[in-house]
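Below is one structure, written out as structure tokens; comments come after it.
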Amino acid sequence: MIKRFKRENRGECEREWRALRLLAAHAPGLAPVPHSADLEAEHPVVVMSRLPGEPLRGQVLSDQQLRALVAAVSELYAAVPADVLAEVPVRPGRQHQLIAQIRAWVPQVRSRVDGEVGVAMDRGLEWLARSDMERVGRPDVPRVFGPGDGNLANYLWDGTRVRVVDFEDSGLSDRPFELAEITEHVAAWVGPPLAAETFLSLFDLNTAECARLSECRKLLALVWLFLLSFGDPQQPRNPPGTTERQAARLHNLLA
């Protein structure tokens with residue numbers, strides 16, 4: 001399989017190549033096998049094996065599939081040894097970047113929404129102002145290797161196990177943030193929903209991780225509310241009412 005990147009996305013190509021090599025060394029079989037890369041080309045390219053399986057997005061997951069997803073995610077997070085992980089750059093799209101993006105979105109979006117969406121957005125912004133998310137530096141939780149994309153389309157079920165693709169935004173992270181990326185991604189609930197609470201209950205998180213998970217879920221839900229509010233009604237990417245449903249999801253997380 002050949003994956004090509006735009007010239008301006010050279011960083012994505014580098015992260016993909018780094019991730020595939022790390023996982024080939026420390027978790028063989030979990031991700032595509034890296035064959036070659038040309039990171040300096042005008043359009044950078046990574047050549048890798050093609051994995052079998054069907055994306056979990058859009059499926060009602062059986063108990064076997066759900067547990068296989070948990071196993072794959074857990075293996076991925078634990079794959080890279082601590083001494084190697086210490087040399088891996090922090091993944092893009094972490095909390096401080098997301099918060100800065102939210103602040104930039106407010107003047108563009110808030111005046112365009114009203115009703116329950118506007119109320120949820122205001123509640124989310126009020127929570128954010130009260131939270132420690134902007135003030136906390138590196139969270140006091142174990143560091144892991146994170147894939148950086150919670151879309152269930154990146155998790156492939158082959159009938160026996162789940163494997164993982166797409167590492168353009170991968171890097172140093174933590175379990176609560178990465179798990180929130182999965183449960184709050186629109187792919188987890190538009191269509192057949194992921195049983196989020198059951199999924200999360202299958203991870204042995206410590207007290208600090210549980211507290212951070214709750215905050216990360218709120219942050220990611222607020223990010224998705226803004227993203228969905230940018231949608232063009234004339235060219236919808238999601239079913240009607242998706243933004244309103246997201247507003248309700250954020251309300252529930254903030255309750």
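What number do you get for segment 178-255 when its Cα radius of gyration is normalised by 2.2 N^0.38 Å, N = residues? Don't jump to the answer; show the numbers that get you there.
On the way: Rg = 13.3 Å, N = 78, 2.2 N^0.38 = 11.5 Å.
In units of the globular-protein estimate, segment 178-255 measures up at 1.15.
So what's segment 114-255 giving for Rg/Rh, alpha carbon basis, Kirkwood Rh from the mean inverse pair distance? It would help to have the intermediate numbers written out before the result.
Working: Rg = 15.7 Å, Rh = 16.2 Å.
Reported Rg/Rh, Kirkwood definition of Rh: 0.97.
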- prompt: Cα-based Rg of segment 1-88 per 2.2 N^0.38 Å, rounded to two decimals?
  reply: 1.24
query: Toward the positive end of the charge dipole of the chain, about the Cα centre and with charges on Cβ (Lys, Arg +1; Asp, Glu -1), which of 102, 199, 154 goes farthest?
result: 102
- prompt: What ranking do 167-178, 121-132 get when scored by the average of other Cβ atoms within 10 Å per residue, highest first?
  reply: 167-178, 121-132
message: What are the ³J(HN,Hα) couplings of segment 152-160, residue after residue, when phi is run through the Karplus curve with 6.51, -1.76, 1.60 and θ = phi - 60°? Round to Hz, x for glycine and proline.
response: 5, 5, 8, 10, 9, 9, 9, x, 10
- prompt: Taking a ≥ b ≥ c as the square roots of the eigenvalues of the Cα gyration tensor of segment 33-79, is the shape rounded (a/c under 1.5), prolate (a/b larger than b/c) or oblate?
  reply: prolate
- line: Taking only the alpha-carbon atoms of the chain, the convex hull volume per residue, in cubic angstrom, is 140 Å³
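What number does segment 153-222 give for Rg over Rh if you use C-alpha atoms and the Kirkwood radius?
Details: Rg = 12.8 Å, Rh = 13.3 Å.
That ratio is 0.96, to two decimals.
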- line: Placing each pseudo-label 7 Å from Cα in the direction of the beta carbon, residue 82 and residue 140 end up separated by a distance in nanometres of 1.8 nm
- request: Considering the options 78, 89, 120, tell which one lies farthest towards the positive end of the dipole of segment 52-178, charges being +1 on Lys and Arg and -1 on Asp and Glu at the Cβ, about the Cα centre.
  value: 120
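Taking the Cα centre of segment 106-159 as origin and charging only Cβ (+1 Lys, Arg; -1 Asp, Glu), how large is the dipole, in debye to the nearest 20? Could you put the intermediate results ahead of the total?
Numbers: 7 positive and 9 negative charges, 43 e Å.
Here the size comes out at about 200 debye.
Could you please state how large a percent of the accessible area of the chain is carbon and sulfur, counting protein chains only and using a 1.4 Å probe?
Numbers: 6170 of 12210 Å².
Its accessible area is 50 percent carbon and sulfur atoms.
Residue 38 to residue 244: FRET efficiency via 1/(1 + (r/R0)^6), r the Cβ-Cβ distance, R0 51 Å, to the nearest 0.05? Mind dumping the intermediate values first?
Numbers: r = 45 Å, r/R0 = 0.89.
Step by step, r from the Cβ atoms, then E = 0.65.
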statement: For segment 75-193, using Cα atoms only, the Rg and Dmax in Å read 16.7, 50
- prompt: Size of the dipole of segment 76-127 about the Cα centre, Lys and Arg at +1 and Asp and Glu at -1 on the beta carbon, nothing else charged, in debye to 20?
  reply: 160 debye
query: By how many nm would the segment from residue 25 to residue 195 lengthen if fully extended, with 0.36 nm per residue of separation less the alpha-carbon distance?
result: 58.0 nm
query: Tell me, in nm to one decimal, what length is gained between residue 232 and residue 101 on full extension, where the rule is 0.36 nm per residue of separation less the Cα-Cα distance?
result: 45.2 nm
field: Full-extension gain in nm, residue 208 to residue 108, via 0.36 nm per residue minus C-alpha separation
entry: 32.5 nm
query: When Lys and Arg each count +1 and Asp and Glu each count -1, what net charge do the other residues less than 12 Å away from residue 153, Cβ to Cβ, add up to?
result: -2
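Report D for segment 210-251 in µm² per second (integer): Stokes-Einstein, Kirkwood Rh on Cα pairs, 4 °C, 1.567 mPa s. Please report the intermediate quantities before stating the final value.
Numbers: Rh = 11.0 Å.
For the chosen part, D equals 118 µm²/s.
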query: From the backbone phi of segment 118-130, what are the Karplus-calculated ³J(HN,Hα) couplings (6.51 cos²θ - 1.76 cosθ + 1.60, θ = phi - 60°) in whole Hz, Gly and Pro given as x?
result: x, 5, 5, 4, 5, 4, x, 5, 5, 4, 4, 5, 7
message: Of 167, 235, 248, which is farthest towards the positive pole of segment 154-255's charge dipole, taken about the Cα centre with +1 and -1 on the beta-carbons of Lys, Arg and Asp, Glu respectively?
response: 248
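Hey, what's the chain come to in accessible area per residue, 1.4 Å probe, Å²? Write out the running numbers ahead of the final one.
Numbers: 12210 Å² over 255 residues.
Ligands and nucleic acids excluded, the figure is 48 Å² per residue.
The values are calculated or read from the model by the stated rules, or taken from the named source; none is laboratory data. Fair warning: this is a prediction, and the values are worked out from it, not measured in the lab. Quick reminder, even Gly has a Cβ in these numbers, built from the backbone with ideal geometry, and neighbours come from all protein chains shown. With ligands, DNA and RNA removed, areas are computed over all heavy atoms of the protein, side chains included. Shrake-Rupley method; radii C 1.70, N 1.55, O 1.52, S 1.80 Å.
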